[in-house]
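Undergrad: Structure provided below as structure tokens; questions to follow.
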Amino acid sequence: MKQNAISVMNTKGGVGKSTIVLGLAETLSADHHLNVLVIDSDAQASISYMLAGPKRLTDVQTEGRTLVGLLDEYVVKQRSADWRDYVMSGVSDVDDARSVYLLPGDTELTLFERAVSKGGAEPALRRAISVLLDELRSVFDVVLIDCPPGLSVVTESWLRESDYHLSPTRPDFISACGLAFFRRFKQRNPEMGFADNIGLLVTMKDPRSQVEAEFERWLRSDSSNNCFETTIPRSHAMQFAATYTSEIRSFHAKYPAEAGHAMRRLTREVLDRLSKQAQSELKQATPGWN
Ligand SMILES: Nc1ncnc2c1ncn2[C@@H]1O[C@H](COP(=O)(O)OP(=O)(O)O)[C@@H](O)[C@H]1O
Ligand SMILES: [Mg+2]
């Protein structure tokens, strides 16, 4: 079975998770011509706005064709449903990124999670996510799951069922606290299974800040963090990338200069780690951090 499902997670919000999912999906598509599915598992639906824009998103949300609608069929209504009816194609405003697909998010996720917890349906939810991911792994080259900051029942299921987690962090104290909390959560109940650490990513770094440089050194000094060599700098381009434009633009226009170089380097590192890991799995090697 392919090991290509990556949950993008840090228990802290505002650390650039969704922006990294966007940049990775668009670079994997535009540069490497891979089929990428983005799953929006955040009730705020940021990545759905970034990829599909408000108009298309409102339409599918109104029709209930979102991740929440799909999971509701599987877990609450206990009916079979075809995930293909819920996946949007032709998303992304980058002209070369034509192979990005989106399972969009919805604010209703919070209500769905309450229904799951109230009905004791967590095991059914985890089974549904496991079966869904198995199908998606075989259809797409890479599956990226954009997780919200908190450790909800849905997020926990992704983290236990996906192959890897990728943790973006700002090089500051509060973001590092978010990582420590995440690591403690991972160490609990190891028998329940958990994604391997494909890498920690320093992002939104202010190139002029001494304090942030010091934090980055500290994060890199711990080899179990498995930091990516690439750092994504804080920049107007990366900030503006989050805004969907109805006029299609080139990859270079969206990710100019250093933003584009950094996203390309990171994407190559992710692909290298995916293929190295696949090779070491074959040799039965033991993976990543704790
Ligand atoms: N490298 C960056 N440089 C500048 N701004 C960024 C960068 N990455 C993200 N942002 C901005 O920071 C805010 C939070 O980013 P987002 O990706 O939504 O974080 P999260 O998903 O962790 O909550 C957004 O306004 C986004 O445009
Ligand atoms: Mg987000």
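The values are calculated or read from the model by the stated rules, or taken from the named source; none is laboratory data. As the structure is a prediction and not an experimental result, all values here were calculated from the model. Quick reminder, even Gly has a Cβ in these numbers, built from the backbone with ideal geometry, and neighbours come from all protein chains shown.
Undergrad: Mind checking which residues of segment 5-48 are over 17 Å from Leu109 (Cα atoms), surrounded by fewer than 22 Cβ atoms within 10 Å (Cβ to Cβ) and more than 11 Å from ligand 1 (Cβ to nearest atom)?
TA: Within segment 5-48, Asp31, His32, His33, Leu34, Asn35 meet the criteria.
Undergrad: Same structure, new question: Name the pairs: first residue in segment 170-197 and loosely packed, with under 11 Cβ neighbours inside 10 Å, second residue in a helix (DSSP H, G or I) and at pLDDT 90 or above, Cβ to Cβ under 6 Å, at least 6 apart or on different chains?
TA: Met192/Arg160
Undergrad: Of everything in segment 114-162, what is basic (Lys, Arg) and under 18 Å from Phe185 (Cβ atoms)? Give them in sequence order.
TA: Residues satisfying the conditions are Arg126, Arg160.
Every residue, every condition in (1) at pLDDT 95 or above; (2) among the small types (Gly, Ala, Ser), yes or no:
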position: Ser157; (1), (2): yes, yes
position: Glu161; (1), (2): yes, no
position: Leu166; (1), (2): yes, no
position: Thr169; (1), (2): yes, no
position: Cys177; (1), (2): no, no
position: Phe181; (1), (2): no, no
position: Leu200; (1), (2): yes, no
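Undergrad: Those residues that are surrounded by 13 or more Cβ atoms within 10 Å (Cβ to Cβ) and either of a type in the set (D, E, K, R) or in contact with a strand residue (DSSP E or B) (Cβ under 6 Å, 6 or more places away or on another chain) (or both), I need them from segment 250-276; list them, please.
TA: Phe251, Lys254, Glu258, Ala262, Arg264, Arg265, Leu266, Arg268, Glu269, Arg273
Undergrad: Something else: Can you name every residue in segment 28-47 that is farther than 13 Å from Leu144 by Cα and not in a loop (DSSP other than H, G, I, E, B)?
TA: Within segment 28-47, Ala30, Asp31, His32, Ser46 meet the criteria.
Undergrad: Run Val270 past the list (1) more than 8 Å from ligand 1 (Cβ to nearest atom); (2) assigned to a helix (DSSP H, G or I); (3) closer than 17 Å to Asp96 by Cβ and report the number of the one that doesn't hold.
TA: The failed condition is (3).
Undergrad: Sticking with this structure for a sec: Which residues, taken from segment 210-238, are within 13 Å of ligand 1 (Cβ to nearest atom) and without any contact (Cβ under 8 Å) to a residue 12 or more places away in the chain?
TA: His236
Undergrad: Please tell me if Tyr86 is more than 23 Å from Tyr255 (Cβ to Cβ) and touching a Gly at 6+ places or on another chain (Cβ under 8 Å).
TA: Taking the combined requirement at face value, the residue satisfies it.
Undergrad: Can you go through Thr11, Thr107, Thr62, Thr66 and tell me which one is without any contact (Cβ under 8 Å) to a residue 12 or more places away in the chain and on the phi < 0 side of the Ramachandran plot?
TA: Step by step, each of Thr11, Thr107, Thr62, Thr66 is checked, and only Thr62 is without any contact (Cβ under 8 Å) to a residue 12 or more places away in the chain and on the phi < 0 side of the Ramachandran plot.
Undergrad: So, in segment 145-163, of the ones that are in a helix (DSSP H, G or I) and of a type in the set (Ser, Thr, Tyr), which residue ends up nearest to ligand 1 (Cβ to nearest atom)?
TA: Thr155
Undergrad: Still on this structure, please answer the following. Against the conditions (1) in contact (Cβ under 8 Å) with a residue 40 or more places away in the chain; (2) over 21 Å from Pro148 (Cα atoms), where does Lys77 fall short? Just the number, please.
TA: It fails just one condition, (1).
Undergrad: Give Asp85, Asp31, Asp72 a once-over and let me know the one that is of a type in the set (D, E, K, R) and either farther than 21 Å from Glu135 by Cα or within 16 Å of ligand 2 (Cβ to nearest atom) (or both).
TA: Exactly one of Asp85, Asp31, Asp72 is of a type in the set (D, E, K, R) and either farther than 21 Å from Glu135 by Cα or within 16 Å of ligand 2 (Cβ to nearest atom) (or both), namely Asp31.
Undergrad: Here's a follow-up. Looking at segment 110-143, which of the residues that are in a loop (DSSP other than H, G, I, E, B) and in contact (Cβ under 8 Å) with a residue 60 or more places away in the chain is surrounded by the fewest Cβ atoms within 10 Å (Cβ to Cβ)?
TA: Asp141
Undergrad: What about Ser80, is it closer than 23 Å to Ala5 by Cα, within 17 Å of the chain's Cα centre (by Cα) and either among the hydroxyl-bearing types (Ser, Thr, Tyr) or at pLDDT below 95 (or both)?
TA: no
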